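Scroll down for the structure; my scribbles are underneath it.
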Amino acid sequence: MWQSLGLTLLVIVATLLCVLLFMLFGWYVVWQLFLSKFKFLRELVGDAGTPQAETRPSEPEHPAGAPTRTRNRTARQRVSFPESNS
């Protein structure tokens, strides 16, 4: 009788441990693939590191004599078309 009770407890504890490990592994995978890209969630967790997507080089890597290409951006304006009365 005690063996049966001990075996039942062992199965329950092992099952809970497996479920917990599966949940932790799932959280880790989702964090690495998706959630770590959100600054708000990183601040909640306390992660000081930034992902590579947000890091920007301080100076662009151009050779000394190479011209840099810059494009002047103008503000977009709404174009109004005359209304046609047909």
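The values are calculated or read from the model by the stated rules, or taken from the named source; none is laboratory data. Since this is a predicted model, take the numbers as computed values, not measurements. Cβ sites come from the backbone with ideal geometry, for glycine too, and all protein chains shown count toward neighbours.
What the table below lists for this structure:
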| read-out | value |
| --- | --- |
| Cross-chain or 6+ apart pairs with Cβ under 7 Å, region 20-38 first and surrounded by 10 or more Cβ atoms within 10 Å (Cβ to Cβ), then not aliphatic (A, V, I, L, M) | 36/42; 36/51; 37/51 |
| Residues within region 39-68 that are at pLDDT 85 or above and assigned to a loop (DSSP other than H, G, I, E, B), tallied | 0 |
